[in-house]
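Beneath this line is the structure, given in structure tokens, with notes to follow.
Each value in this text was obtained by applying a stated rule to the coordinates, not by laboratory testing. Here the structure is a predicted model, which means the values were calculated and not measured. Methodologically, a virtual Cβ is constructed for each residue, glycine included, from the backbone with ideal geometry; neighbour enumeration extends over all protein chains shown.
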Amino acid sequence: MPISSLSQLPNMTSMHLQIEHHTEYHYETAVRYSIQELRLKPPNSPGQSIKNWKIFTPIKAKMNHDAFGNEYQTFVQDAPYKSMSISAKGEVISTGGYEYTDLESSVSPYYLLQQTKLTLPSQEMLTYFEKALPKKANLDSVLELANAICNTITYQSGITNFATTAMQSFAMKTGVCQDHSHIMLSLCRAANIPARYVSGYFFAENSPNLASHAWVDVCLDAEQGRWVSIDVTHACLTDQRHIRLAVGRDYYSAAPIKGIRSGGGQEELSARISIHQIKVL
């Protein structure tokens, strides 16, 4: 995620956060073979500084970088198993930020005009949001779109899942941050504005269920690689509460954990994320 600079909201106070992310898998029968891909390490970048970050996997993982510049780890298990745990923990000093400028080595914003299976809009979506669709890429117009989505798609967990498309979420008028983000991506791209999915963490002291979060970067200037980061679920610019993990075209290319397996039958997954503020700097 190559970023060279950012803008911040005025009077923003830094946060020193401790994050723990633990995921467990249990299977009905033995898994014969599996490949896991993890994007669980926040990047050191303008707006956030990472300290003592560790990732724990059943076997040693190999580190690499994808086309978007995200660091990711992979590991392969070819011995049978019926349970698996993956953990990440560390500290982040977050100064926040909402406007980013990419390095020249970053993926071209024009690539992020392409819709994906998860973001493809329906004609009903385009008609419904016609008045809110940005006529040009500026901060006010994209915030207006985010607000329209937030007011239309009621936040409700347990209804959608990682495979729910923007069209399906819109039809149900319900979803979570992932669905808000996919609809935002869908409509920005339909308006010929590049946009990318951001996976990350969100510090909400009174709403720990929001700790795993997603939002959207919208490109305001494709030639200069200038992006503004918008939390569609809260219809606001990102700030020091938002910790970036990875970016991509949609959830699939920025997911914190994904994998494939052979065998195992029914899967039972549990995830626990805790974020605590150590001190205000």
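Miscellaneous remarks
- Listed residues Gly259, Gly158, Gly47, most fluctuating in the chain (Gaussian network, C-alpha, under 10 Å): Gly158
- Ranked Val76, Val176, Val107, Val216, criterion: other C-beta atoms within 10 Å, fewest first: Val76, Val107, Val176, Val216
- Cα-centred dipole magnitude for the range 1-137, charges only on beta-carbon of K, R (+1) and D, E (-1), debye, nearest 20: 120 debye
- In this structure, the pairs whose alpha-carbon distance is over 31 Å, taken from Lys62/Lys117; Lys136/Lys258; Lys62/Lys82; Lys62/Lys173; Lys54/Lys82, are Lys136/Lys258; Lys62/Lys173.
- Most mobile of Ser270, Ser181, Ser106 in a GNM of the chain (Cα contacts under 10 Å): Ser270
- Local net charge near Phe170, Cβ-Cβ under 11 Å (Lys/Arg +1, Asp/Glu -1): -1
- Sequence-distant contacts, meaning Cα pairs under 8 Å at least 6 residues apart, place the relative contact order of the chain at 31 percent.
- Other-chain or far-sequence residues with amide H under 5 Å of Tyr72's (modelled H): Asn64, His65, Asp66
- Relative contact order computed over the range 4-106 (Cα-Cα under 8 Å; 6+ residues apart), in percent: 48 percent
- Neighbourhood charge, 13 Å Cβ-Cβ cut-off, centred on Ile50 and excluding it, Lys, Arg +1 and Asp, Glu -1: +3
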